[in-house]
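Structure record follows, encoded as structure tokens.
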Amino acid sequence: MSSTIQRQRAAARARLERQMGERLEEARKRKQRSAVIGAALALLLVAGGAFWLVTAMGGDDETTTAAGQPAPEGVVCTWTPDDPKANPNLKEVGTPPTEAIAKGTQTMTINTNLGPIEATVNTAKAPCTAASMTFLAGKKFFDNTKCHRLVTEGIKVLQCGDPSATGAGGPTYKMAEENLPNVTDPLQAYPAGTIAMAKQQQPGTTGSQFFIVYGESQLDSSYTVLGKITKGLDIVEKVAKDGNAADKVAPKTPVTITSLTLTPAAS
């Protein structure tokens with residue numbers, strides 16, 4: 001009887017040990033499978049992260065290239081104050097920003113009582129002058145002003161841009177000259193159709209006054225070339241043909257600027 005019981009206990013213990021072994025083996029296999037799966041997932045995450053990083057950075061580069069256009073080249077301009085107490089013909093409208101774009105061209109439209117005159121302004125080569133003219137035009141500085149001077153001998157120019165029409169007016173600041181002609185022959189410096197800035201004898205005295213060259217003129221290369229007339233030069237030629245007024249300074253046929261604007265040229 002006791003031997004039978006012992007055999008039964010031994011068989012039960014063997015079954016238990018076998019079951020425990022099977023469970024341990026199954027647990028080991030599950031752990032191994034989990035480790036393999038975990039490693040695979042980690043590898044996928046690393047690969048996916050690298051792919052995302054490369055894609056994201058590449059996308060940023062493409063966006064920058066497509067949308068982030070290079071900033072236009074600029075210059076810093078100096079506006080030298082002029083004293084309106086010493087010269088009552090000056091008109092106070094403030095000063096332009098000191099930073100100016102030095103790129104491309106602008107279209108200047110001078111609307112007059114005789115019709116429109118248009119010019120291409122060389123913003124790249126005369127950035128500070130162009131910035132000043134744009135600023136003044138925005139302030140309506142030139143609106144309803146007279147072209148106060150016509151010269152028909154030696155030089156052939158119509159001069160405008162002085163709100164006081166005295167020849168001494170302008171804004172309450174001056175600037176340095178720029179884009180000066182690089183020629184030795186004074187007859188070639190400012191050909192017909194040139195629009196340039198008037199100034200006083202000393203350098204750094206450019207203001208708002210400008211002149212339109214309508215014929216051969218002997219001028220030294222000290223005046224800023226603003227640009228070139230593209231439309232309406234015939235208006236100036238007709239005014240010049242009519243000659244001067246009784247004061248021998250103003251044109252006989254009055255020229256009034258009703259408005260003046262500068263806009264970026266179409267690309």
Relative contact order computed over segment 133-267 (Cα-Cα under 8 Å; 6+ residues apart), in percent: 31 percent
Going 7 Å from the Cα of ASN144 along its beta-carbon direction, which residues of segment 228-267 have the amide nitrogen within less than 20 Å of the resulting point? 254-262
Please work out the FRET efficiency for the pair ASN182 and GLU73, using the Cβ-Cβ distance as r and a Förster radius of 22 Å; give the result to the nearest 0.05. 0.60
Checked segment 143-182 with the C-alpha gyration tensor, a ≥ b ≥ c its square-rooted eigenvalues, rounded below a/c of 1.5, otherwise prolate if a/b is larger than b/c and oblate if not; verdict oblate
Inter-probe distance in nm under a simple model that places probes 7 Å from Cα toward Cβ, at ALA246 and THR261: 3.8 nm
Anchor LYS146: lysines whose Cα lies under 16 Å away (excluding residues fewer than 8 positions away in-chain): LYS91, LYS248, LYS252
Each label sits 7 Å from Cα toward the beta-carbon; between GLU99 and LYS238 the label points are separated, in nm, by 4.5 nm
Quotient of Cα radius of gyration and Kirkwood radius for segment 104-163, i.e. Rg/Rh, equals 0.99
Label-point separation (nm) for ASN89 and THR109, each offset 7 Å from Cα along Cα-to-Cβ? 3.0 nm
Which of PRO264, ILE212, ALA192 sits farthest toward the positive end of the charge dipole of segment 168-267, with +1 on the Cβ of Lys and Arg and -1 on the Cβ of Asp and Glu? PRO264
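FYI, it's all coordinate maths here, none of it is from the lab. Predicted, not measured: the structure shown is a model, and the values here were computed from it. Backbone-built Cβ (ideal geometry, glycine too); neighbour counts: all protein chains shown.
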